[in-house]
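None of the figures in this text is laboratory data; all of them are computed from the coordinates on show. This structure is a prediction, so every number in the text was calculated from the model and none was measured.
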Amino acid sequence: MTAKAFLLKDKVALVAGDSQLWTKPVASALAGAGADIAIAAKSSPILAEAVEAVHKTGRKALALPLDVAKAAQVQKAVGQVIAEYGRLDILVNSGDIHFFKPFMKIKNAEWGKVMDTNFKSALNFCRAAARPMLKQKNGRIINIVSGLAERGLVNGSAYCVSMGGVLQLTRALALEWARKGITVNAIGTGWFTDPDKAMDETLARYIPVKRYGRPEEIGSLTVYLASEVTGFTTGQFMFVDGGLMAHA
């Protein structure tokens, strides 16, 4: 197997979700591997920065401003991808809104916002993107979730539930589409630096590698899972966390 097997030439990827950390580096990594990109998120600096990052690689970028929780808007966006590029090969769900509050103090509207951004967006995009992928009998779906999809956290019930839902969706769809040419995998994230927030460096001592992750370090695993070499890899939850989840 040569390095060319990992390239995404002639592939089309849709990066979906309102993520401050993942949208730009993931879109840039996929474009760097040769894919043309569509980016679906709220109209914001996140969307504009991701499009600019893709253009710097020399690949095409399609901006799709929308409400990721609205199924009709998501379906329309996927239709725009097909109209523009003629196909859809890769879907990356990267919705991630952090929310931490004691369970008994969480309002219904707060539950709804967290579930809409983190879980419902992934549900909507998986459903919409699967239609062209099933016709092609080929596709790669990659869901980026927190390690809290498998671990609980005090005051983190809403966030943990939303991420756990995406992980279980990953596993269920991987089994359902195992013989239809579509792989579905999840990337589990640990503690990463946020360029817009001051980080308490003392927390890094709990990470075996003794540093926070950099957002662009998600990109390499995303490219791998999006490539044709991973046709036998599905239903998996792979961590990029500096060894954090290896703790008992």
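Before moving on, here are some points about what is shown:
- Angle in degrees between helix 121-136 and the longest Cα principal axis of the chain, rounded to the nearest 10: 20 degrees
- Amide H to amide H distances under 5 Å link Gly34 with Leu8, where only residues 5 or more positions off or on other chains count and H is placed in the peptide plane.
- Long-range HN-HN contacts of Leu91 with modeled amide H, under 5 Å: Leu14, Arg140, Ile141, Ile142
- The equivalent ellipsoid that matches the C-alpha gyration tensor of the chain spans semi-axes of 27, 20, 18 angstrom, in descending order.
- Per-residue ellipticity at 222 nm computed for the chain from its helices equals -11500 deg cm²/dmol, with DSSP H segments shorter than 4 residues left out and the rest contributing -39,500 (n - 2.57).
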